[in-house]
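The values are calculated or read from the model by the stated rules, or taken from the named source; none is laboratory data. Note that the coordinates shown come from a computational prediction; the quantities given were computed from them, not determined experimentally. FYI the Cβ positions are ideal-geometry reconstructions off the backbone, even for glycines, and counts take in every protein chain you see.
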Amino acid sequence: MTLKEYIASLGGKRVAVVGAGLSNRPLIDLLADAGIDTTVYDKADAAALGSFYQSRAARGVKFSLGEHYLDALDGDVVFRSPSVLPFRPELVRLAEKGALITSEMEVFFRLCPCPIVAVTGSDGKTTTTTVIAKLLETAGRRVWLGGNIGRPLLADVDKIGPEDAAVLELSSFQLHSMTCAPDVAVITNIAPNHLDIHKDYADYIDAKKRIFLQQKPTGKLVLNRDNDVTRSCADEAPGRVWWFSRKEAVTPGVFLRPDGVICASVDGQVTEIMPAADIKVPGVHNVENMMTAFAALWGLVPPETMADVARTFQGVAHRLETVRVHKGVTYINDSIASSPDRTLAGLACFDEKIILIAGGKDKGVPFDPLGPAICRHVKKLYLTGLTAGKIKAAVESAPEYRPGAPEIFVLDDFTETVRAAAAAAEPGDTVLMSPASTSFDRFKNFEERGELFRKIVMEME
């Protein structure tokens, strides 16, 4: 089925699009162009949506806006945004009445004519997805990068050829209730995350599993052997399972040998790919990200290409991104670190004690494991945002904590916090912004938080 045929099949139906964000706007335009009876539901008001509201309303799109935007939700087909999970009462009510609950991404899976590599996980999925796309491009494939990264792809699906490759990052929000069958499914790891949105940890895990449960026997699933939850997923896999491991030899899969060399093992043959020390981006977690990408594409990309890309890949913005070295102080933006696990991985990259900026919005994940790591790796801790008190308590209750080690400062304003940390830094220090919390107490997303950090640092005299 082509995209045009799919949109035409919605004729005569009432279509609801929940969320007027960037991921749904191309879909809204497709529906409007085809004259489909479309209503957009969004928490923002008309003024906040600005020209988007005005131009689409003029084309016949209806809107239900404001704080109670879902109260009147109705339709035969509902495209939900990732942030509105299907167990919301309004969606459950419609599903019970016979409405089809779907999403832009689910329809893309249905229509995409080329192989799909889909990546999810609690941490590392953006870097892994980006590396996979880079490897395929370097090997000569035309790549369409999307999902939770890049741009919405549904509107481009008729431009995609069967010899291309689609590489998708998928969040638990996108996967929840979604039926998809990627040719290659990847789960980097699973740890407690987004528990402020999901019903519980089991619901979060179940959402992640949806990336592979509908795969065909010919499908490939790449799992983290070192993670208890992902290791157990192998028992439910309909297709082939590949592993990656930093701690043990695995087959078929990719592993880190005790001498520090990354190897692939399949059909009894072990191939050396590269020394892990040659990977350009720092951190043990980035060694794992590279191994994950190598396992996903083994047999599709030559090992020499894998090594070349790993030696030159400079990382992704807001992920342990070196912003500037100013007056001997290195400033690093790790705004993507919206969970304690992510900040733990960042801290492990540094041998010397650093200055850490952390705090933001709580998402229901305990901070207790972060306390001991901060005591080991941080000499000055600057906290701000809604989780400042919880992170402070986790540090002070850690067995390793001693008063003043680390020094802890709690400030109200983000900009003030960054400037205070910079003022306390001396030549040779590293100032790391790795919040261990989401950005939604003050920012639209982690990118906006990271951009403000970068702006403050670049304006320092």
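Restricting attention to the stretch 423-461 and to residues that are outside any helix (DSSP H, G or I) and of a type in the set (Asp, Glu), the residue that is surrounded by the fewest Cβ atoms within 10 Å (Cβ to Cβ) turns out to be Glu461. Looking only at residues of the stretch 277-334 that are acidic (Asp, Glu) and over 30 Å from Glu459 (Cα atoms), we find that the one that is surrounded by the most Cβ atoms within 10 Å (Cβ to Cβ) is Glu288. Pairing each residue of the stretch 239-261 that is assigned by TED's automatic domain parsing to the domain that holds Met306 and surrounded by 14 or more Cβ atoms within 10 Å (Cβ to Cβ) with any residue that is part of a strand (DSSP E or B) and of a type in the set (Gly, Ala, Ser), provided the two are 6+ apart or on different chains, yields C-beta distances under 6 Å for Trp242/Gly253; Trp243/Gly253; Phe244/Gly253; Thr251/Ser265; Val254/Ala264; Phe255/Ser245. Residue count for the stretch 157-202 satisfying the condition of being in contact (Cβ under 8 Å) with a residue 60 or more places away in the chain, under 14 Å from the mean Cα position of the chain (by Cα) and in a strand (DSSP E or B): 3. The single residue among Gly219, Gly260, Gly253, Gly239 that is under 12 Å from Met291 (Cα atoms) and not hydroxyl-bearing (Ser, Thr, Tyr) turns out to be Gly253. Within the stretch 226-278, the residues that satisfy the criterion of being in a helix (DSSP H, G or I), under 19 Å from Ala307 (Cβ atoms) and not acidic (Asp, Glu) are Ala276, Ala277. Kindly indicate whether any position in the stretch 238-248 is within 30 Å of Val431 (Cβ to Cβ) and touching a strand residue (DSSP E or B) at 6+ places or on another chain (Cβ under 8 Å). The answer is yes, given that some residue of the stretch 238-248 is within 30 Å of Val431 (Cβ to Cβ) and touching a strand residue (DSSP E or B) at 6+ places or on another chain (Cβ under 8 Å).
Candidates are the residues of the stretch 367-401 that are assigned to a loop (DSSP other than H, G, I, E, B) and among the β-branched types (Val, Ile, Thr); the one that is nearest to Ser339 (Cα to Cα) is Thr387.
Pairs linking a residue in the stretch 83-107 that is under 23 Å from Ala155 (Cβ atoms) to a residue that is basic (Lys, Arg) and in a loop (DSSP other than H, G, I, E, B), with Cβ atoms under 6 Å and 6 or more positions apart or on different chains, are Ser103/Arg80.
Please verify whether Ile355 is at pLDDT 95 or above and either of a type in the set (Lys, Arg) or outside any helix (DSSP H, G or I) (or both), treating the condition exactly as stated. Talk me through it step by step, then tell me what you get.
On the way: at pLDDT 95 or above: yes; either of a type in the set (Lys, Arg) or outside any helix (DSSP H, G or I) (or both): yes.
Taking the combined requirement at face value, the residue satisfies it.
Checked against (1) more than 16 Å from His176 (Cβ to Cβ); (2) crowded, with 16+ Cβ neighbours inside 10 Å; (3) without any contact (Cβ under 8 Å) to a residue 40 or more places away in the chain; (4) under 28 Å from the mean Cα position of the chain (by Cα), Arg56 passes all but condition (4). Could you tell me whether Leu344 is closer than 30 Å to Lys199 by Cβ, part of a loop (DSSP other than H, G, I, E, B) and of a type in the set (A, V, I, L, M)? No; evaluated as a whole, the condition is false for this residue.
Take the residues in the stretch 9-26 that are of a type in the set (A, V, I, L, M, F, W, C) and at pLDDT below 95, then tell me which one is farthest from Arg151 (Cα to Cα). Within the stretch 9-26, the match that is farthest from Arg151 (Cα to Cα) is Ala20. Any residue that is more than 22 Å from Arg319 (Cβ to Cβ), without any contact (Cβ under 8 Å) to a residue 60 or more places away in the chain and β-branched (Val, Ile, Thr) - is there at least one of those in the stretch 363-379? Within the stretch 363-379 (the criterion being more than 22 Å from Arg319 (Cβ to Cβ), without any contact (Cβ under 8 Å) to a residue 60 or more places away in the chain and β-branched (Val, Ile, Thr)), the answer is no, since none of the residues qualifies. Close Cβ contacts (under 7 Å, 6 or more residues apart or on different chains) running from residues in the stretch 395-416 that are on the phi > 0 side of the Ramachandran plot to residues that are surrounded by 13 or more Cβ atoms within 10 Å (Cβ to Cβ) are absent. Thr415 satisfies every condition listed in (1) β-branched (Val, Ile, Thr); (2) in a helix (DSSP H, G or I); (3) surrounded by 17 or more Cβ atoms within 10 Å (Cβ to Cβ) except (3).
Mind counting the residues in the stretch 131-156 that are assigned to a helix (DSSP H, G or I) and at pLDDT 95 or above? Outline the logic, then answer.
Just the residues of the stretch 131-156 that are assigned to a helix (DSSP H, G or I), to begin with: 131-138, 154-156.
Right, trim to at pLDDT 95 or above and you get 131-138.
Residues meeting the conditions: 8.
Within the option set Gly360, Gly346, Gly371, being farther than 16 Å from Phe453 by Cβ, assigned by TED's automatic domain parsing to the domain that holds Glu416, in contact with a Ser or Thr (Cβ under 7 Å, 6 or more places away or on another chain) and crowded, with 20+ Cβ neighbours inside 10 Å holds for one residue only, Gly371.
Conditions (1) crowded, with 23+ Cβ neighbours inside 10 Å; (2) of a type in the set (A, V, I, L, M), marked per residue:
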site: Gln174; (1), (2): yes, no
site: Met178; (1), (2): no, yes
site: Pro182; (1), (2): yes, no
site: Thr188; (1), (2): yes, no
site: Pro192; (1), (2): no, no
site: Leu195; (1), (2): no, yes
site: Lys209; (1), (2): no, no
site: Pro217; (1), (2): no, no
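Among the residues of the stretch 67-82, those identified as small (Gly, Ala, Ser) and either in contact (Cβ under 8 Å) with a residue 40 or more places away in the chain or surrounded by 15 or more Cβ atoms within 10 Å (Cβ to Cβ) (or both) are Gly75, Ser81. Within the bounds of the stretch 428-436, is there any residue that is out of contact with any helix residue (DSSP H, G or I) (no Cβ under 8 Å at 6 or more places or on another chain), on the phi > 0 side of the Ramachandran plot and touching a residue at least 40 places away in the same chain (Cβ under 8 Å)? There is at least one residue in the stretch 428-436 that is out of contact with any helix residue (DSSP H, G or I) (no Cβ under 8 Å at 6 or more places or on another chain), on the phi > 0 side of the Ramachandran plot and touching a residue at least 40 places away in the same chain (Cβ under 8 Å).
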